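Single-structure report; data block below.
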Amino acid sequence: MQILEDTEIEDMIGAGVHIGHSRTKRNPAMSPYIFGIRNNTEILDLVKTKEMLVPALNVIRTAAEQGKTILFVGTHPAARKILEEVATETGMPYVSLRWIGGTLTNFKVISKQIESLETLEREKRSGDFEKYTKKERMIKDEEIMRLKQNFGGIRLLKKLPDILFIINTIQDDLAVREARRMKIPVVALSDTNTNPGLVQYPIPSNDDALSAIRYMVGRAMEAVQEGKRNVQKKDETNN
């Protein structure tokens, strides 16, 4: 098992990873991961966060080494921009606006929607739209916008993802439920008001503050990039 540097806890404190919700919002399942209370705000035990971050990052790194797909999910307003940046940087799919019901459990229908988007975009690029009336072109452009908004982030998905990385399991509880139904492992941030037992790799962490989200998503990005670099090193060695 890999051990993180001692400075990791200092970095997490700086990012506000340890700051939970008020005591009244506590999910009892998170009690083992709470260090104490400060000004009526629960404080997460970062030693345990550090411990649980290791296997979570390892599973992400290994998945990247094996060429598997990690779907990043974060529809919380604070998460959207950083999630899109990280997913794009790593070449992974993402959901940042709204989780469409059936994304996992009815993937065939979702795939057809993605195909429709790609077909319309090809027609527009090729100039085929010119054969339509102005009103018809406007309708098709609106359809492209709708499809891109709903499915643009997951257009890379040609099959079900191998792992989900979820920022806020309450905000995206439908994604959690679909992943459980399809037996897809989930890595997720677990704030003091969540149930860590719903996911395979919970990481005790603030899941609302931009700084905490940026920190944790950044660590996931590093794990993906490291996994891909390991593949390149193996290929270079074999050649």
Suppose R0 equals 41 Å. What FRET efficiency, 1/(1 + (r/R0)^6) with r the Cβ-Cβ distance, do M138 and T7 give to the nearest 0.05? 0.15
Provide Y215, Y94, Y132 in ascending order of the number of other Cβ atoms located within 10 Å of each residue's Cβ, fewest first. Y132, Y215, Y94
With a 10 Å radius around each residue's Cβ, average the other Cβ atoms per peptide and rank 187-200, 155-168, 32-45, highest first. 187-200, 155-168, 32-45
Rounded to the nearest 0.05, what FRET efficiency is calculated for K148 and D128 with R0 set to 25 Å and r the Cβ-Cβ distance? 0.85
Integer Hz, Karplus 6.51/-1.76/1.60 couplings in order for segment 28-45, x for Gly and Pro: x, 5, 8, 3, x, 9, 9, 7, x, 10, 9, 6, 6, 10, 6, 10, 6, 7
Would you compute, for the Cα atoms of segment 107-153, the largest minus smallest coordinate along each principal axis and list the three values in descending order, in whole Å? 33, 17, 16
If we count other beta carbons within 10 Å of each Cβ, what is the order of T75, T62, fewest first? T62, T75
Pop the C-beta distance of N39 and R177 into the FRET formula with R0 = 41 Å and round what comes out to the nearest 0.05. 0.75
Amide H to amide H, which residues 5 or more places from I203 or on other chains are under 5 Å from it, using H placed in the peptide plane? A188, L189, S190
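Taken together, the values in this text are just the output of simple stated rules run on the coordinates, not laboratory data. Since the structure is predicted, the reported quantities are computational estimates derived from the model, not experimental observations. With ideal geometry, Cβ positions are generated from the backbone for all residues, glycine too; neighbour counts draw on all protein chains shown.
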